Amino acid sequence: MAAPKKGRRSPGGQGRPGRTLVLIVIAMVALVAGMFISGTSTPRLGIDLAGGTSFTLEARNQPGKPNAINETNMNTAAGIMERRVNGLGVSEAEVQTQGTNHIVVNIPKGTDAKQARQQVGTTAQLGFRPVVTTTAGTKTPPASPSPTPSASGKGDDGKKDGKDDGKKDGEPSTKPSATSTAQGRAVTSALKKGPADPPKATGSGSPKPGDTPQPSTGADEIPAALQKQLADLDCSTKQSRAAAGEKAAGVKPGDPVVACKDDGSQKYVLGPVAVEGTDVKDASAVFESQQGQGWIVQMDFTGAGGKKFADITGKLAAKTQPQNQFAIVLDGAVVSDPRVSQQLNGGSATISGGFTQESAGDLANMLSYGALPLSFKIADETTVTAALGGEQLQAGLIAGAIGLALVIVYLVAYYRGLALVALASLGVSAVLTYAIMTLLGPAIGFALNLPAVCGAIVAIGITADSFIVYFERIRDEIREGRTLRPAVERGWPRARRTILVSDFVSFLAAFVLFIVTVGKVKGFAFTLGLTTLLDVVVVFFFTKPLMTLLARRKFFANGHPWSGLDPKRLGAKPPLRRRRTTAPTETKEA
């Protein structure tokens, strides 16, 4: 004879309901504690509730492209701007086209609107230009700029501390330059050097035989007009850099240009664009720990872009400082100027040297999303107040409170004692929802807007519906003549199936809505999906175990009139009779 089965448990936790309740209480305490530890006790609000900044960008035709402003390019530019803003962690930002040549960007309060404005405002074509010469960023009298001497600490003979540096005649110089910026050097991931090596560029390729560093001619290669522009250029103030950047952004890609470093420390004469921003396929900031380089920026090029990059780095590698540098130019400003010591093949490269996490992320963001099909200027900037949104939020909360009060009245009137279970479950769901929304603000940039509040209010009905389904299954079992404890266990499997199907449909609708919509409607879909998932958690890990424990209490087990489980009130049938143990006798004929 088979031994009887023991200790069978269902997903609801009726085997050890107390342990399940303790686990969900611990989870609630951990989430609430996480709120206070992170210093965030309220959810992050969207622009319609907290206010923010709104500015309008006006598209401009570029030189040689008089018909570039069209619907396709405007939609592409808006999509790239939205990714750039979200790349800075600015969630709930609204980016949409307006008319034929404007894009409106709304940045909610609580985010770094200044940084976002700078990032979105830098919407001109991204380009890689070779450096012809560079000098200090202040305005200087007309002179012949010359390369800055080496600052590596070596003597003129290329030795350090009386020892040869190991380089043979004809190899590219690797001595660091005084003009090296915080952005450092460009190297490929295949042949990166350790931190003790001087800043240089290496790659899967190598210098061609016979290529020797050519002495920089400096101003000898610069036309007189550019020399004058370089001398007159002043990069010491934000206003002067903005004016210089706007002027440089209007220069044709095939023409040389003078430009400022984005921080004003240097000014440059740059050659024609060698690699366009559209040739950059992807860029990312990565922390490199094996060789101690710290934060680096990895770049991947398209097929055509990789060939262009290999060609320009091969030419730059044969030159000396500063003409072995290439400048990454965005909106007419140089955002990085790494130097090269060998040809970089393979369609990828890495920029390293002196990055912080923020600066590496900013540069990677510019490289990834800087190549827009149009150039823009900020035509208008305004501050958005939350007065109207606050009034709408107040009205929505009042409506939600009235709806919740009606639900409570119905539960108490119809389910009596069971209403306490429903209200406790609603309270647990509210705590989990609030804590998770609060923590998602700093974690993923989630911001609570008016549609999201509507989604949370709708979720009250979804959660209450799950309790009602379970309660009705239990009452049906009692009507069949069963006592409370077996009714709780027998009613759970059928209620569980109904709850899961209902929540799956709700979650699927929220998921589809989140995928196909844009703007604020995404907030409604996200909140609806989140609260639907939490409904499953609460019903399985709180409501069901709590009902299992209450079924052992006399108040509910004996069917008290105020328990909501009174068999007489429910019209229960008499207890089912057992089948007869003796069979009826019949006279059989022979």
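The values are calculated or read from the model by the stated rules, or taken from the named source; none is laboratory data. These numbers come from a predicted model, not from an experiment. Note that each Cβ is placed from the backbone with ideal geometry, even for glycine, and that neighbours are counted across all protein chains shown. What goes into the accessible areas is simple: the full protein's heavy atoms, side chains included, and nothing from ligands, DNA or RNA. Shrake-Rupley method; radii C 1.70, N 1.55, O 1.52, S 1.80 Å.
For the stretch 267-282, give me each residue that is surrounded by fewer than 22 Cβ atoms within 10 Å (Cβ to Cβ), in contact with a strand residue (DSSP E or B) (Cβ under 9 Å, 6 or more places away or on another chain) and within 26 Å of ARG241 (Cα to Cα).
GLY271, PRO272, ALA274, GLU276
Please work out which one of (1) modelled with pLDDT of 85 or more; (2) closer than 30 Å to GLY34 by Cα; (3) open to solvent by less than 60 Å² (accessible area, probe 1.4 Å) is the condition GLY441 fails and give its number.
Of (1) modelled with pLDDT of 85 or more; (2) closer than 30 Å to GLY34 by Cα; (3) open to solvent by less than 60 Å² (accessible area, probe 1.4 Å), only one is false for GLY441: (1).
Being closer than 20 Å to LEU126 by Cα, open to solvent by 10 Å² or more (accessible area, probe 1.4 Å) and assigned to a loop (DSSP other than H, G, I, E, B) is the filter here; which residues of the stretch 333-349 pass it?
Of everything in the stretch 333-349, just one residue is closer than 20 Å to LEU126 by Cα, open to solvent by 10 Å² or more (accessible area, probe 1.4 Å) and assigned to a loop (DSSP other than H, G, I, E, B), namely GLY347.
Report the residue count in the stretch 257-275 for those that are under 17 Å from LEU344 (Cβ atoms) and part of a strand (DSSP E or B).
Count: 1.
For the stretch 503-525, which positions are open to solvent by less than 50 Å² (accessible area, probe 1.4 Å) and either among the small types (Gly, Ala, Ser) or touching a strand residue (DSSP E or B) at 6+ places or on another chain (Cβ under 6 Å) (or both)?
Listed by number, the residues that qualify are SER506, ALA510, GLY519, GLY523, ALA525.
Out of all the residues in the stretch 354-364, is one or more open to solvent by 20 Å² or more (accessible area, probe 1.4 Å) and under 29 Å from ILE222 (Cβ atoms)?
Yes, because at least one residue in the stretch 354-364 is open to solvent by 20 Å² or more (accessible area, probe 1.4 Å) and under 29 Å from ILE222 (Cβ atoms).
Under 7 Å between Cβ atoms, at least 6 apart or on separate chains: pull out the pairs that start in the stretch 21-42 with a residue that is under 8 Å from ALA435 (Cα atoms) and in a loop (DSSP other than H, G, I, E, B) and end on any residue that is open to solvent by less than 50 Å² (accessible area, probe 1.4 Å) and not polar (S, T, N, Q).
none
Among the listed residues ARG496, ARG490, identify the single one that is among the basic types (Lys, Arg), over 29 Å from PRO108 (Cα atoms) and crowded, with 20+ Cβ neighbours inside 10 Å.
Of ARG496, ARG490, the one residue that is among the basic types (Lys, Arg), over 29 Å from PRO108 (Cα atoms) and crowded, with 20+ Cβ neighbours inside 10 Å is ARG496.
Pick from LEU411, LEU420: which is open to solvent by 10 Å² or more (accessible area, probe 1.4 Å) and more than 31 Å from the chain's Cα centre (by Cα)?
Unique residue meeting the criteria: LEU420.
Can THR433 be described as of a type in the set (Ser, Thr, Tyr), at pLDDT 85 or above and closer than 20 Å to THR532 by Cβ?
Yes, satisfied.
Among the residues of the stretch 297-315, what is the count of those that are surrounded by 24 or more Cβ atoms within 10 Å (Cβ to Cβ) and in a helix (DSSP H, G or I)?
2
For the stretch 544-566, does any single residue satisfy the condition of being more than 22 Å from VAL421 (Cβ to Cβ), in contact with a Phe, Trp or Tyr (Cβ under 9 Å, 6 or more places away or on another chain) and open to solvent by 70 Å² or more (accessible area, probe 1.4 Å)?
To start, the set of residues in the stretch 544-566 that are more than 22 Å from VAL421 (Cβ to Cβ) comprises none.
Checking the stretch 544-566: not a single residue is more than 22 Å from VAL421 (Cβ to Cβ), in contact with a Phe, Trp or Tyr (Cβ under 9 Å, 6 or more places away or on another chain) and open to solvent by 70 Å² or more (accessible area, probe 1.4 Å).
Can you pull out the residues in the stretch 343-366 that are farther than 25 Å from LYS238 by Cα and in contact with a Gly (Cβ under 6 Å, 6 or more places away or on another chain)?
Selection gives GLN343, LEU344, ASN345, GLY347, SER352, GLY353.
List pairs: first residue in the stretch 305-322 and free of Cβ contacts under 8 Å to residues at least 60 places away in the same chain, second residue hydrophobic (A, V, I, L, M, F, W, C) anywhere in the structure, Cβ distance under 7 angstrom, at least six positions apart or on different chains.
Going by the 7 Å Cβ cut-off, the qualifying pairs are GLY305/VAL275; GLY305/VAL280; LYS308/ALA274; LYS308/VAL275.
Confirm whether PHE504 is among the hydrophobic types (A, V, I, L, M, F, W, C), part of a helix (DSSP H, G or I), over 40 Å from the mean Cα position of the chain (by Cα) and modelled with pLDDT of 85 or more.
no
Of all residues in the stretch 526-541, which are open to solvent by 30 Å² or more (accessible area, probe 1.4 Å) and over 25 Å from the mean Cα position of the chain (by Cα)?
Of everything in the stretch 526-541, those that are open to solvent by 30 Å² or more (accessible area, probe 1.4 Å) and over 25 Å from the mean Cα position of the chain (by Cα) turn out to be VAL536, VAL537, PHE541.
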